[in-house]
Each structure stands twice: as structure tokens, then as C-alpha cells.
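Chemist: One structure, pasted below without further comment.
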Amino acid sequence: MSMLTPPGMGGKYRITGDVYPRMRRPHRRRRIVLAATAAVVVLGAAGWGTLQLVDVFSGDAGTKAAAGKQADCKPAPTPTAAPAAALPKPAQITVNVYNATPRSGLAKTTADELAKRGFKVGKIGNAPAAYDKKVPGAGLLLGAPAAIKGAFPVLGTQLAGATTKTDTRATADVDLIIGTAFKNLSPKTTADAALVALTKPAPAPTGKC
């Protein structure tokens, strides 16, 4: 081996003249580094582009949804009270008071109290045989079909728990038949409050988005 042979090369390379072989480092490691760097750059660019597309489409969809909601959501009109039903006043209602209980005197005392509350009182007496001792509740309001939306609601404010029934009469008067569960008419303050609520217009519903 010549003294000019580089260490570690054994006898493979010999220096025979004044020209020396070039010593080159392997390129594999540099290629791997470059390939990894390029892959990172590509992946980063792809991710950034994806985020931009998501933002564009999601923002556009959100804007359209908000615009559609605003279009559907119209300002509600100013609430106005619904007209109240034309109910008769107590002075316009004639009440016949009949006692269907075994207790005497109830028809007279009840009729007197109704008169104090502004009702017109018609007939007073014992209930007809068809109802005598056959009204289990506090009382029964009996009248023509027109009384359902007229006299019945007004007279019903005076006696809690009273039931209603119609017959074939042609007159506008109504019967209050006192039942076996009757104790007293509703307190006047309670009855007056019920009358006010009955004739007070109901507020119109407000629109909501």
C-alpha cells in the first residue's frame, strides 16, 4: 500500500499519479430532508386552503340563514284589544227563582239578593215537579238557547258551580233553580270582579319570531 493511499480505503484506490479521487458525501440524507420539508410545506398549504374554503362556505350559509330569518321575522303589529261580546247587563236580565230543596225560604232570600245586585226578579216559588229535589248541584240555570251567550254567563257570575240547560221557551227570561248543594250566592265582591272580567276585552295575541 502506498503512503499516498487514504486511510480506510484499503487497496481499492491507489494513487498512481498526481490526480486524486474526489471524496463525495452520500446524497441520500439530504434528499430525505428535502423530501420531508417539501411534504410539510404541501400539507400546510392544503390545510390552510381547506380552512379558507370552510370559512367561505360557512360564512355564506350563516349570512343566508340570518337573512332568511330576518325576512320571516316581521315586526308584530301594535296589540289591539279584541272586541268584547255584547253581553246583557244585570238590569236587562229577568230571573225566575225556584227552590228545588227541602229547605224553605231559599227562593225568596236569593231573589232579594239578586235584586240588590241589579237583576230583575220575575217569579218566585217552588221548583216544578220535573226539577223538585232533582238538582244535586248548587243550582241550575234554565233558559232559551239564546241565553248560552247572553244571560247565562252574566247570571253565572253570581253562583259558583251552577250548571246550564236550555229549553224551548220563546221568552228571554231565565230560571235559577236552587239545588240541594246550594249554600249562598257568591260574595258580591267576587261576583262583581267576575262581571268585570267577563266584559273586559281580551288582548290580541302578539307576534313572535
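Chemist: Take ILE124 and LYS200, extend 7 Å from each Cα along the Cα→Cβ direction, and tell me the distance between the two endpoints in nm.
Modeler: Going from the ILE124 label point to the LYS200 one covers 3.4 nm.
Chemist: May I pose another question? Translational diffusion coefficient, Stokes-Einstein: compute it for segment 112-156 using the Kirkwood radius over C-alpha pairs as Rh, at 4 °C and 1.567 mPa s, and state it as an integer in µm² s⁻¹.
Modeler: Estimated diffusion coefficient is 105 µm²/s.
Chemist: Whole-Hz ³J(HN,Hα) for each residue in segment 172-188, computed from phi via Karplus 6.51 cos²θ - 1.76 cosθ + 1.60 with θ = phi - 60°, x for glycine and proline: what do you get?
Modeler: 8, 6, 10, 9, 10, 9, 6, x, 5, 8, 5, 10, 8, 5, 4, x, 4
Chemist: Quick one: if you stick a label point 7 Å off each Cα along the C-beta vector at LEU87 and LYS133, how many nm between them?
Modeler: Here the modelled spin labels are 3.6 nm apart.
Chemist: Moving to a separate point now. Say the cut-off is 20 Å between C-alpha atoms; which of LYS123/LYS188; LYS134/LYS165; LYS108/LYS133 go over it?
Modeler: Values: LYS123/LYS188 22 Å; LYS134/LYS165 14 Å; LYS108/LYS133 17 Å.
Going by Cα-Cα distance, LYS123/LYS188 fall outside the 20 Å limit.
Chemist: Next question, about the same structure. Along Cα→Cβ, 7 Å out, is where each label goes; now give me the distance between the ones at ALA170 and LYS108 in nm to one decimal.
Modeler: Inter-label distance under the simple model: 3.5 nm.
Chemist: Still on this structure: Using DSSP to define loop residues, name the trypsin sites (Lys or Arg not before Pro) in segment 118-199 whose beta-carbon has at most 15 other beta-carbon atoms within 10 Å. Before the final figure, lay out the partial values.
Modeler: Working: sites: LYS120, LYS123, LYS133, LYS134, LYS149, LYS165, ARG169, LYS183, LYS188; in loops: LYS133, LYS134, ARG169, LYS183.
Sparse-neighbourhood loop trypsin sites (Lys or Arg not before Pro): LYS133, LYS134, ARG169, LYS183.
Just so you know, all these numbers are worked out from the coordinates, no wet-lab data involved. All of these numbers come straight from a predicted model, not from anything done at the bench. Methodologically, a virtual Cβ is constructed for each residue, glycine included, from the backbone with ideal geometry; neighbour enumeration extends over all protein chains shown.
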